[in-house]
1. Go through region 78-116 and give me each residue that's farther than 14 Å from residue 61 by Cα, in a strand (DSSP E or B) and touching a Lys or Arg at 6+ places or on another chain (Cβ under 7 Å).
2. Scan region 45-77 residue by residue and report those that are among the hydrophobic types (A, V, I, L, M, F, W, C), under 17 Å from residue 125 (Cα atoms) and either assigned to a loop (DSSP other than H, G, I, E, B) or touching a Cys at 6+ places or on another chain (Cβ under 6 Å) (or both).
3. Counting just the residues of region 112-122 that are at pLDDT below 80 and more than 12 Å from residue 64 (Cα to Cα), which one comes out nearest to the chain's Cα centre (by Cα)?
4. Can you name every residue in region 81-130 that is in contact (Cβ under 8 Å) with a residue 40 or more places away in the chain and either among the aromatic types (Phe, Trp, Tyr) or within 16 Å of residue 38 (Cα to Cα) (or both)?
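The values are calculated or read from the model by the stated rules, or taken from the named source; none is laboratory data. Small disclaimer: the values here were computed from a predicted structure and weren't measured. All Cβ positions, even for glycine, are placed from backbone atoms using ideal geometry, and neighbour counts span all protein chains on display.
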Amino acid sequence: MSAWEGISEQQTARRLRGLTTVLTVVLLALSCHPASGRISLDNSSNGKTILVAPGDRIDITLQTVGPGQYETPAVSAGFIRFLGESSAGPPNPAGPRQLFRFEALTVGRAEITIPHPLLDPALPPIPPFAIVVDVR
């Protein structure tokens, strides 16, 4: 015997309205849940703390003025994964623009540090780029 046998049309209509309401609420909740985000940062973000969610992508574009370039980043904890580095657009006469890509994996706190070695000791040192990432 099925759940629909032995009930009136009015009861059937009431059950269908209830199921439709539940389905609508579930679909609405799913559509309102944001997909993984992408956070874009640049040299002006140096020293800041950012808040992200698990699954978010973090893109850091760094411009070097003068000789040299940024090197491989260091991540202080496994909550953040380094995905890679590439050129950020066409060559710039001032110096290279580099794109560093990261992904927030799980809840936690990590520091990302990207060093810029000094190629010419006569020039003033370029401080490393560093941010703190809170994954919540």
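1. 103
2. Passing the criteria: only 65.
3. 119
4. Selection gives 99, 100, 101, 102, 103, 104, 105, 106, 129.
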